[in-house]
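Just so it is clear, none of the values below were taken in a lab; they were calculated from the coordinates. The structure displayed is predicted, hence computed values, not measured ones. Because the Cβ atoms are built from the backbone with ideal geometry, glycine has one as well, and the counts that use them run over all protein chains shown.
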Amino acid sequence: MTESENDPLHEELQKLVGSHISRPTQAADEVNMAMIRQWTDAFSDRNPIYEDKEFAAATRHGHLIAPPAMLQTWTMARPKIENLKERGGLTIDIDMDSPLIVLDKAGYIGSLATNSEYEFIREQRLGDVLTSEAVLETVSPRKKTGLGLGYFVTWVTTYTDQNNEVVGRQRFTLFKFDPATMSL
């Protein structure tokens, strides 16, 4: 696509930069040992700071912590069966004016995750109740790829604790494409 090409959809999406991708999501459960154990078992992560109280007490943290990579896990929405059809089968609470819905309505229904970066501000502590809030950061001009025409959409999710203290951030990029344009 050329820089001089008129793209009303891109112009509309640019106006949404800074808007929410989804509603803020509070974790259903506090940071807890049962989920930490399941995570460390699943990933064979045997760092004793996650489960050994005596070891953790002697570290700079002074207490047990959750694995940093669990940050997103705490606020992942559980699928709800009721009204699934009316909600489009989504397992997160997407705003209907979200840039992702705008793209879907315009035919860009294909999704390919392309990048995810984390910034850990502080450790996740037992008892923390995290909330995530995702805001649109950028939308690329329309691109032509082997998957078809589409836009790279990047948002930043900020994770805060029960005291509204920032625990971390995730920058996530998704390629939203129109599968009908694959052969163009």
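Rounded to the nearest 10 degrees, the inclination of helix 33-43 to the longest alpha-carbon principal axis of the chain is 70 degrees. Derived scalar couplings between HN and Hα for region 51-58 equal 9, 9, 4, 5, 4, 4, 4, 8 Hz in order, rounded to whole Hz, by the Karplus curve 6.51 cos²θ - 1.76 cosθ + 1.60 (θ = phi - 60°), x for Gly and Pro.
Taking the chain on its own, what percent of its Cα-Cα pair distances exceed 27 Å? Here the tail beyond 27 Å accounts for 39 percent of pairs.
Counting lysine pairs in the chain whose alpha carbons fall under 29 angstrom apart, excluding pairs fewer than 8 residues apart on the same chain, gives 13. If you look at the Cα atoms of region 1-62, you get an Rg and a Dmax of 22.6, 63 Å.
Tell me which trypsin sites (Lys or Arg not before Pro) from region 28-63 have a DSSP coil assignment and no more than 16 other beta carbons within 10 Å of their own.
Those satisfying the criteria are R46, R60.
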